[in-house]
1. Place a +1 charge on the Cβ of each Lys and Arg in the range 98-189 and a -1 charge on the Cβ of each Asp and Glu, then give the dipole magnitude about the Cα centre in debye, rounded to the nearest 20.
2. Consider the candidate values (1) 17.2, 54; (2) 17.6, 52; (3) 21.8, 83; state which one is Rg and Dmax of the Cα atoms in Å computed from the structure displayed.
3. Would you mind calculating the relative contact order of the range 86-222 from Cα pairs under 8 angstrom and at least 6 residues apart, reporting the percent as a whole number?
4. If we sort 35-46, 13-24 on the protection proxy, mean other Cβ atoms within 10 Å, highest first, what's the order?
5. Suppose all protein chains stay in the model; what accessible area per residue would a 1.4 Å probe give for the range 176-228, in Å²?
6. If N is the number of residues in the range 71-118, what value comes out of its Cα radius of gyration divided by 2.2 N^0.38 Å?
7. Taking the Cα atoms only, what angle lies between the long axis of helix 154-175 and the longest principal axis of the chain, rounded to 10 degrees?
8. What whole-number value in Å² describes the accessible area per residue of the range 63-111 for a 1.4 Å probe?
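The values are calculated or read from the model by the stated rules, or taken from the named source; none is laboratory data. Here the structure is a predicted model, which means the values were calculated and not measured. A quick note on method: Cβ atoms are made from the backbone with ideal geometry, for glycine too, and the neighbour counts reach across all protein chains shown. Each accessible area value is taken on the protein alone, full model and side chains, heavy atoms only, with ligands, DNA and RNA left out. Shrake-Rupley method; radii C 1.70, N 1.55, O 1.52, S 1.80 Å.
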Amino acid sequence: MPASRTARSHPIPPLAAGGCQVWWATASAAAPHLLDLLDADERRRHRTLLRDRDRALFLVAHALARIVAGRHVAVPAGEVGYVPSVANRKPRLCGPAAQLELSISHSGDLVVVAISRGIAIGVDVERVKDGYEPSLAQSVLQPSEQRSLMTLDEADRRWGFCRYWTRKEAILKATGDGLGVSPELIAVTAPSSEPALVDWQAPGRPLAAVVLYDLDGGPGYAASLAAIGGPLACTEHDAGPLLE
């Protein structure tokens, strides 16, 4: 991704009510100065990660979330209040940034941060080569979804499964259910169809409309965004300049 040494003055488009910005970055953007933006708990969690790539992904994701949220509420990134995901509850912003909704995901070398104003959202990205095992498909897909997946050429099944997976994960992140609801209890449209929720068998189905979007994570990745309560005006952005 292109980078600029004037990152701190790089403009961020305004975020209106009903809007959502999706920011993409890579693990290669990790740099020591980003640690200064994290709070003490985030730095502790960063230190506990064993693999270099996992530490890089965590650092980029959390620093980016703070940078973007801070710009939207005119608060320095390091002062943005942040409550991490605990016991299936999604992460949330607090203080002046509490008006914003946040979702974070990473896979492979890719990081995505989605942020909206006043609409619950969830985002998920999956590296396709990591995503498919027949036994896993049986545990997270409904029978109709499994049949649809098997109609794809063998070479396309890995991508198709990841499309199913990211759509479901995005929904469960947006509702706040996370791993508290098994993905096999919800169904979404077939991978090559327009994204939509078609079945919810778990308790606590959302009362508001669930809207799904497929995102462009680039070659080798599948990604999806879900919103609860209505359609979003969604834009995707390169976060590289913001992180330098």
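1. I would put it at about 180 debye.
2. Evaluating Rg and Dmax of the Cα atoms in Å on these atoms matches (2).
3. Worked out over the range 86-222, it gives 23 percent.
4. 13-24, 35-46
5. Per-residue value: 47 Å².
6. Its radius of gyration relative to the 2.2 N^0.38 Å reference: 1.21.
7. The answer is roughly 60 degrees.
8. So the range 63-111 comes to 42 Å² accessible per residue, rounded to a whole number.
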